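Engineer: One structure, as structure tokens, below. Some questions next.
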Amino acid sequence: MTDLDRAVLLDQLLRYVREELEAGVPSDLITPDSPLLEMGVLDSVRTARLLAHIRTAYDVRVPPVHMTGEHFRTPSTITDLILLLRSRAASL
């Protein structure tokens, strides 16, 4: 995966978080490095919606071992997780 592919994925993910999760946070405050948990953007319901989106849009299932605050800290870390899981699935 190239840096361009990562940038496209990050942009798509940011758009989803800003437009679909409806967290009450102004969209301009949600950046690649925004702490989503601390900002209240992700809670249990929104995280479930995000996981469903990741599964549908990117054909990636996030195993329970990866459902941690570290992986879901920012849009950038979520993007990296998607890329990691996609590369692992491709190598099987």
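The values are calculated or read from the model by the stated rules, or taken from the named source; none is laboratory data. From a predicted model like this one, the values you see are computed outputs, not experimental measurements. Positions of Cβ are backbone-derived with ideal geometry, glycine not excepted, and every protein chain shown enters the neighbour counts.
Engineer: I'm told ARG15 meets every condition in (1) in a helix (DSSP H, G or I); (2) modelled with pLDDT under 95 except one. Can you identify the failing condition by its number?
Structural biologist: Here ARG15 meets the rest and fails (2).
Engineer: Among residues belonging to segment 27-55 that are touching a Phe, Trp or Tyr at 6+ places or on another chain (Cβ under 8 Å) and either assigned to a helix (DSSP H, G or I) or polar (S, T, N, Q) (or both), point out the one that is surrounded by the most Cβ atoms within 10 Å (Cβ to Cβ).
Structural biologist: As a first pass, look at segment 27-55 and keep what is touching a Phe, Trp or Tyr at 6+ places or on another chain (Cβ under 8 Å): 36-37, 42, 47, 50, 53.
Retained after the next criterion (residues that are either assigned to a helix (DSSP H, G or I) or polar (S, T, N, Q) (or both)): 36-37, 47, 50, 53.
Values: LEU36: 24, LEU37: 14, THR47: 17, LEU50: 21, HIS53: 16.
Checked segment 27-55; the qualifying residue surrounded by the most Cβ atoms within 10 Å (Cβ to Cβ) is LEU36.
Engineer: Looking only at segment 57-89, which residues are closer than 15 Å to LEU42 by Cβ and assigned to a loop (DSSP other than H, G, I, E, B)?
Structural biologist: VAL62, MET67, THR68, GLY69, GLU70, HIS71, PHE72, ARG73, THR74, listed by residue number.
Engineer: Just wondering, is there one or more residues in segment 55-67 that are over 12 Å from the mean Cα position of the chain (by Cα) and either within 17 Å of LEU10 (Cβ to Cβ) or of a type in the set (A, V, I, L, M, F, W, C) (or both)?
Structural biologist: yes
Engineer: Then there's this: Looking at this structure, is GLY24 assigned to a loop (DSSP other than H, G, I, E, B), in contact (Cβ under 8 Å) with a residue 12 or more places away in the chain, at positive phi and of a type outside the set (S, T, N, Q)?
Structural biologist: So GLY24 passes the test.
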